[in-house]
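Remarks on the structure that follows.
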Amino acid sequence: MKIAPSLLACDFANLNREIKKVTDGEADYIHLDVMDGNFVPNITFGAPVIKSIRKCTGLPFDVHLMIDNPKRYIEDFVKAGADIITIHVEAENDIIGTLKKIKSYGVKTGISVKPNTKIEDIYPFLLDIDLVLVMTVEPGFGGQKFIFSMMEKIETLKKELKIQKLNPLIEVDGGIDEETVKIAANFGVDICVAGTSIFGKEDIFKAIKQLKGNT
Ligand code: DX5
Ligand code: ZN
């Protein structure tokens, strides 16, 4: 299992140190939750912060945009150093245009679904994406409980991917801990995002190792 620590749960007064800890802890990505207070009822950080922490690690930046009109900001996030940019299917009308814009910069594309959105809603975009992010909590906040029924979406998606002979990465986000990571692994998830269960621990190295080792 690849692990993408979400900085949302880290100590923002010590961003550099926190990023170094997960880098030394052999995380696979850094997951960056961008929220605008409109698409989700919370505000976090934007491209300037991402740009300034780019120098703290060589790990790929997995940028999760929980914002309305993401198309307007793609260039900013590319320039900030994003390696994967994931948009929400619920957030944008011109999804194809937005994905093509991300691709045009040589950055990987992702599409995400909230818990109440049907997985079928992303089918028209499967040809244009490198990653599918299935939310296992309602986006907006860390520390919520993993919604097990979202695994049905993974099953449905896997069947469709087989038919279409496509192989995007499958990522889940929300409520991942030592137990739920095993569930995700059983359903064939490639990447687990984890905030609280990494940064909430005294020993970050051990926390990441445990998440990886449990799968
Ligand atoms: C929620 C964010 C998640 C969040 C996960 O909207 O997308 O990435 O940080 O936090 P935990 O791991 O605490 O559920
Ligand atoms: Zn996220």
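The values are calculated or read from the model by the stated rules, or taken from the named source; none is laboratory data. Bear in mind that the values here come from a model prediction, so they are computed numbers and not experimental data. Positions of Cβ are backbone-derived with ideal geometry, glycine not excepted, and every protein chain shown enters the neighbour counts. These area figures cover heavy atoms from the full protein model, side chains too; ligands, DNA and RNA do not enter into them. Shrake-Rupley method; radii C 1.70, N 1.55, O 1.52, S 1.80 Å.
The magnitude of the dipole of region 83-145, with charges of +1 and -1 set on the Cβ of Lys/Arg and Asp/Glu and taken from the Cα centre, is near 120 debye. The residue list Ile74, Leu161, Gly110 was ranked by how far each Cα lies along the charge dipole of region 74-215 toward its positive end, using unit charges on Cβ atoms, and Leu161 comes out on top. The stretch between Glu178 and Lys79 holds 32.2 nm of extra length on full extension. This uses 0.36 nm per residue minus the Cα-Cα distance.
Only helices enter the 222 nm calculation for the chain: every DSSP H run of n ≥ 4 contributes -39,500 (n - 2.57), and dividing by all residues gives -9000 deg cm²/dmol, rounded to 500. Magnitude of the charge dipole for region 2-213, about its Cα centre and with charges confined to Cβ atoms of Lys, Arg (+1) and Asp, Glu (-1), is about 500 debye. Using a 1.4 Å probe on the protein heavy atoms, what percent of the accessible area of region 2-213 belongs to carbon and sulfur? Here carbon and sulfur together make up 51 percent of the probe-accessible area. The residues of the chain expose on average 45 square angstrom of accessible surface per residue, using a 1.4 Å probe on protein heavy atoms. In straight-distance terms, cross-link reach from Lys158 covers every one of the lysines whose alpha-carbon lies under 21 Å from its own, apart from those fewer than eight places away in the same chain; here that gives Lys2, Lys108, Lys114, Lys118, Lys182. For the chain, what class follows from the C-alpha gyration tensor (a ≥ b ≥ c being the square roots of its eigenvalues): rounded when a/c is under 1.5, otherwise prolate if a/b is larger than b/c, else oblate? Since a/c reaches 1.5 but b/c is at least a/b, the shape of the chain is classed as oblate.
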